[in-house]
Amino acid sequence: MLNQILPLLIFGALLVAVIGAVKRVKLWRNGRPAKVPILAGLAAMPRRYLVDLHHVVARDKYISNTHVATGGGFVLALLLIILVHGLQLNSQFLAWALLAATGSMFVGAVFVAKRRVQPPSRLSKGPWMRLPKSLFAFSLGFFLVTLPATGLIPVEWGGWLVAILLGAVILWGLSEMLLGMTWGGPMKHAFAGALHLAFHRRAERFNGGRSTGLKPLNLDKEHEPLGVNQPSEFTWNQLLGFDACVQCGRCESVCPAFAAGQPLNPKKLIQDMVVGLAGGTDAGYTGSAYPGKTVGEHQGGPFASIIAQEGQGLLDAETLWSCTTCRACVEECPMMIEHVDAIVDMRRHLTLERGATPNKGSEVIDNLIATDNPNGFNPQSRMNWAADLSLPVLSDVKRTDVLLWMGDGAFDMRNQRSLRALVKILRAAKVDFAVLGNEERDSGDVARRLGDEATFQRLAKENVTTLAQYSFRSIVTCDPHSFHVLKNEYGDFGGRYVVYHHTTYINQLRQIGKLHFAPYKGGSVTYHDPCYLGRYNGEYEAPRDLLKAAGITLVDMERSGYRSRCCGGGGGAPITDIPGKQRIPDMRMDDIRSTGAERVAVGCPQCTAMLEGVVEPRPEVLDIAEIIANQLVDEEVTL
Amino acid sequence: MSLNQAPRVAVLLSVGQHPVTRRPRRADQDARALELALNQPNTDVVPIHVGQASSETEVALRSYLGMGVSQIDHLEVSTTREDILPSLAQHLKQLNVQVVLCGTRAETGEGSGLVPYLLAKKLGWPIVSGLASIESIASGSMTFLQALPRGQRRRVKVSLPAVVAVDPASPPARQSAFGPAQRGDIQLVPSTSMDAEITDAESDRQVWQYQVAKKRPKRLKIIKATSARDRFKAAAAKADASGGKVLQEISADSAAEEIIKLLKEEGVLSTNSSS
């Protein structure tokens, strides 16, 4: 009897799922157009899933094995169910294969259920608590209903009661797994996720690539309004990306702003965007809230302002301004969702259209517009720090091997020490280098991350024009923010350069034997990875190599490398200064203290400033250039 | 909409200059004047600039547009030597303006701080300076707070129409946003004044020599205060006028005599210039 109903159930469910899929696709298509290769994307999707995505998922072995068993089992089972029960193909082999697939899915479901017994706070509850039961229903139901086809038990087993029970279980399983996929259940992640991988806005991220530079905004009048005000002003593949979220909360667990009690939770942000693209309130959200905010008070729709000018919108502006753009969430996201892009898109609207950059934001932007540096110093005093160093300036020498990009740290007395150390090292290695001097401008990093794309683009174009007048082989800078912008974001404005962070460059000098170090006598050292050097540019090794080569015992923090925790200084966060329960640099200093190191080596003026801002007693904060400069021995002396 | 319901407030906007880099920008005080006007509910704000059209003017005016006004009337004058007052006064009269808000002193050019006074004189309207915040603009009068030294405020009621100059103590101007700044409209109004006046001051200015303003040397303060309160007061004090006398209820003639006497004492007027 069940055999007659099953094809109906299966194809019925598939049909309803297809209708749901069409409706969902329509929601995504509310977004702005985006240039994506559709067919190439779809063709690349399986590899992106099996290799790139799995590489991220596999950082948690438990869940990656669980997912292989459950997801793999489900995909295989669904194909076989269509053949065996939908089309009623009478094949023992297929039936046995289906048994195996549902069996694998069942085993996976056991582990899903186990994780859900006492779920960590980062996981969403609600419908997600139902998911293991639905997985059981689907796998067990189809396992049992397939048994007769293998010939293990007679075709007409059990009575009509068993048939009804089994039918109900299968209906439950089909509803969750097929209808839920396109009508907004937890399984939506499979449908949206697969397409998101195919049409990802940063296809360069796959196959081991890296894509971290922000995308330029077209500032022409016809592209108004600038930035993203309503969910429908994201590109369609961004909307699709939001929909792919599995609410695993890995982003939440690494977000420095969330840990500091600032009103940001990357997971909630993405879920709010999902609410926005579908319309409704956030009352159905069952994960951790934005710290200090109540769930259920915000609402939105595809064509409603995300940040309401009056009343409650989809989220509050301080949520956006809490982000340090450290990219920890993006690095950790198994669905490869681009949180930072979305946040900057919305910030662009607030700054460029509403003039609503909070706290010191507008002052910093005004300074950048008027003086080309964020603190309003006289641009003609940029070289004052090096008055006694007689550095060669490019406007005099015209050509050089290495252009030393000073960055705005040139105005900061603390960073001037790092710069002096760097100059000492370059001179010791007899490097032919020069600086731009007063012709250098802010790289535009802060302006861009505060959403002021107009000022960023002006600074970028002017810097590119200045650089085009001179001849040099490479740029070396001790500021990872300038490094990132020069290397990854100036290309869109015609500036393509070979750029090195000073740790990479000094390490190269060491490797070719141009630097010699005296034995290190201090205590143990830990190294803090700057976000814009590590996660943004993948440089984790050179600073460590360099420190070890100088004879330093390096103790890594628990959160280091790609999981390094931000110092709190990126993305203009110290400027917008959204209050939380504690300060991000204090938490990072606790990480540093827990290694027992006496010193922390840093490679970024922002990190130096943030970590030195932690009250003493605390480990000493030194730039790697300072540590290395101290260890240098003059070759002539040792001869 | 009757004019009585929505009083028309003109805001005079000049081209500012950043003190360090000399780049054109919105003038700080004029931007504050615009901010006060924009925060006033139910008013019809008319931003006006008088001057020559140039790329610098455009940069500055666009940064005012970025504060959220859709249009600026740009009264064009033909040369830098043309007096801005006749065409400005005529335009204000045509628009039936009740209040003219402006900064106290321009950031470029002469910066004499005389424009509000000369404009008021030309229009025959009262002039009040030191506007810190507007309380209300009703039909026929305007109530506002006037900034006095040491953070003191005085409530002033002035009959309209009037020219009111803002004090640097008024609230800072809002952020200028790029999008509205690019889209806003700079409406060129050709000079309608038949008799464009070429001012003597302007021809004088041709021979002026400009130099960087330096801060005047300050006399060292000897701290006599014995308590924290006194020290704070001394630190927060604006330079007090010393000497002088308060003369009240005297005739206009004797008041004028007193002023001339003081000007002579201070060496502003030479002793033989008046009879």
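Tell me the mean residue ellipticity at 222 nm calculated for chain B from its helices only (DSSP H runs of n ≥ 4, each -39500 (n - 2.57), averaged over every residue, nearest 500).
-8000 deg cm²/dmol
So, R0 is 22 Å and r is the distance between the beta-carbons of B:Arg22 and A:Thr466; what FRET efficiency does that work out to, to 0.05?
On the way: r = 20 Å, r/R0 = 0.89.
That pair, B:Arg22 with A:Thr466, gives E of 0.65.
Which angle between 0 and 90 degrees, to the nearest 10, do you get for helix B:55-65 versus the longest principal axis of chain B when only C-alpha atoms count?
The helix B:55-65 is inclined about 90 degrees to chain B.
Quick one: dipole size for segment B:8-205, taken about the Cα centre, charges +1 on Lys/Arg Cβ and -1 on Asp/Glu Cβ, in debye to the nearest 20.
So the dipole magnitude of segment B:8-205 works out to roughly 860 debye.
Taking chain A as the reference, fit the longest principal axis to its C-alpha atoms, fit the long axis of helix A:413-428 to the helix C-alpha atoms, and give the angle between the two in degrees, 0 to 90, nearest 10.
80
Near the amide H of A:Val393, under 5 Å away, which other amide H atoms are found, from residues 5 or more places off or on another chain, if H is placed in the peptide plane?
A:Val435
Count the net charge of all other residues whose Cβ sits under 13 Å from the Cβ of A:Leu197, scoring Lys and Arg as +1 and Asp and Glu as -1.
Computed value for this residue: +2.
How far is helix A:2-28 tilted, in degrees, relative to the longest principal axis of the Cα atoms in chain A, given as a value from 0 to 90 rounded to the nearest 10?
Between the helix axis and the principal axis of chain A, the angle is about 30 degrees.
Any idea what the relative contact order of chain A is, in percent, if you count C-alpha pairs under 8 Å spaced at least 6 apart?
Answer for chain A is 12 percent.
Near A:Ile575, within a Cβ-to-Cβ distance under 15 Å, what is the net charge of the other residues, with Lys and Arg +1 and Asp and Glu -1?
-4
Taking 0.36 nm per residue of sequence separation and subtracting the Cα-Cα distance, how much length would be gained by fully extending the chain between A:Ala387 and A:Asn90, in nm to one decimal?
So the extension gain works out to 98.1 nm.
Sorted from fewest to most neighbouring beta carbons within 10 Å, what does the list A:Met181, A:Met129 look like?
A:Met129, A:Met181
Just the isolated ones, please: cysteines in chain A lacking another cysteine beta carbon under 4.7 angstrom.
A:Cys245, A:Cys248, A:Cys255, A:Cys323, A:Cys333, A:Cys478
Report the trypsin sites (Lys or Arg not before Pro) located in segment A:126-229 that are in a DSSP loop and have at most 15 other Cβ atoms inside 10 Å of their Cβ, or state none.
Those that pass, being in a loop and sparsely packed, are A:Arg210.
Take the residue pairs A:Lys360/A:Lys581; B:Lys122/B:Lys264; A:Lys424/A:Lys487; A:Lys268/A:Lys293; A:Lys114/A:Lys268 and return only those whose Cα atoms are more than 18 Å apart.
Check vs 18 Å cut-off fails for A:Lys360/A:Lys581; B:Lys122/B:Lys264; A:Lys424/A:Lys487; A:Lys114/A:Lys268.
Could you tell me what a quarter of the Cα convex hull surface of segment A:370-511 works out to, in nm² with one decimal place?
Mean projected area of the Cα convex hull: 8.0 nm².
Per-residue Cβ counts within 10 Å, from other chains only, averaged over B:169-182: what number is that?
6
Restricting the calculation to Cα positions, tell me the Rg (one decimal) and the Dmax (whole number) of the protein assembly as shown in Å.
In Å, with Rg to one decimal and Dmax whole: 34.8, 133.
Scan chain A and hand back the longest stretch that contains none of the GluC sites (Glu not before Pro) lying in DSSP loops with at most 13 other Cβ atoms within 10 Å.
My reading of the result: A:311-557 is the longest stretch.
Between beta-carbons, use under 14 Å as the cut-off and find the net charge around B:Val156, counting Lys and Arg +1, Asp and Glu -1.
The answer is +2.
By its C-alpha gyration tensor, with a ≥ b ≥ c as the square roots of the eigenvalues, how is chain B shaped: rounded for a/c under 1.5, else prolate for a/b larger than b/c, else oblate? Write down the numbers at each step before the final one.
Numbers: a/c = 1.44, a/b = 1.34, b/c = 1.08.
Rounded shape, in that the Cα axes give a/c under 1.5.
Please give the charge dipole size of chain A, origin at the Cα centre, charges +1 on K and R Cβ atoms and -1 on D and E Cβ atoms. Round to the nearest 20 debye.
Once rounded to the nearest 20, the dipole reads 1640 debye.
For segment A:2-198, what number results from the quotient of the Cα radius of gyration and 2.2 N^0.38 Å?
Taking the Cα Rg and dividing by 2.2 N^0.38 Å, one obtains 1.09.
The numbers here are math on the coordinates, done by the rules we state, and not lab data. Only a predicted model underlies this, so the values are computations on that prediction, with no experimental measurement involved. Neighbour counts run over all protein chains shown; Cβ positions are idealised from the backbone, glycine included.
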